[in-house]
1. Tell me, what is the FRET efficiency for residue 47 and residue 68 to the nearest 0.05, using R0 = 22 angstrom and their Cβ-Cβ distance as r?
2. For segment 44-111, with every protein chain kept in place, what is the accessible area per residue (1.4 Å probe, Å²)?
3. Computed from the coordinates I sent, mean projected area of the Cα convex hull in nm² equals one of (i) 7.7; (ii) 7.3; (iii) 10.8. Tell me the label.
4. Among all lysine pairs in the chain that are eight or more places apart or on different chains, how many have alpha carbons less than 26 angstrom apart?
5. Label-point separation (nm) for residue 84 and residue 8, each offset 7 Å from Cα along Cα-to-Cβ?
6. Can you tell me the dipole magnitude for the chain around its Cα centre, using point charges on the Cβ only (Lys, Arg +1; Asp, Glu -1), in Debye to the nearest 20?
7. Relative contact order, percent, of segment 1-103 when contacts are C-alpha pairs under 8 Å separated by at least 6 residues?
8. For the ranges 15-22, 38-45, what's the packing order if you count other beta-carbon atoms within 10 Å of each residue, average per peptide, and put the highest first?
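The values are calculated or read from the model by the stated rules, or taken from the named source; none is laboratory data. What you see is a predicted model; the values in this text were computed from it and never measured. Cβ coordinates were reconstructed from backbone atoms using ideal geometry, including for glycine residues, and neighbour counts include every protein chain displayed. The accessibility values were calculated without ligands, DNA or RNA, using every heavy atom of the protein model including side chains. Shrake-Rupley method; radii C 1.70, N 1.55, O 1.52, S 1.80 Å.
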Amino acid sequence: VVVDGELVYTDASGRYAFVGGALMDMKDRKDLTAAHNDKRMTIPFEKLPLQHAIKEVRGDGRKVFAVFEDPNCPICRVFTKFIDQMDNVTVYRFMFPVISPQSQSLARMAW
């Protein structure tokens, strides 16, 4: 089927279709691929290599979470300001230098 100039593959009933590489349930308007990808990309917290993270404990540290940051990421910088305002947290920061080649050297210096 062609919809607005885009080729969409569907079954005979029209209920299911491949749209932009995702399998969609057209009746329920649900992306069936997203749920699978979210599950596939999830890492249980206890399996994170926390020994390779920068650990920061503030207050009693009872709220524990991990963040993945690129030193050149403007959104990461804004998020870091938010995290820095939190009390009673343990933050594990993983350097994830993907934005530019300069990110790698900055990540090494931070670590």
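1. After rounding to 0.05, the efficiency reads 0.95.
2. 70
3. (iii)
4. Qualifying lysine pairs in the chain: 9.
5. Here the answer is 4.6 nm between the modelled labels.
6. For the chain, the charge dipole is close to 360 debye.
7. Value for segment 1-103: 21 percent.
8. The most tightly packed comes first, giving 15-22, 38-45.
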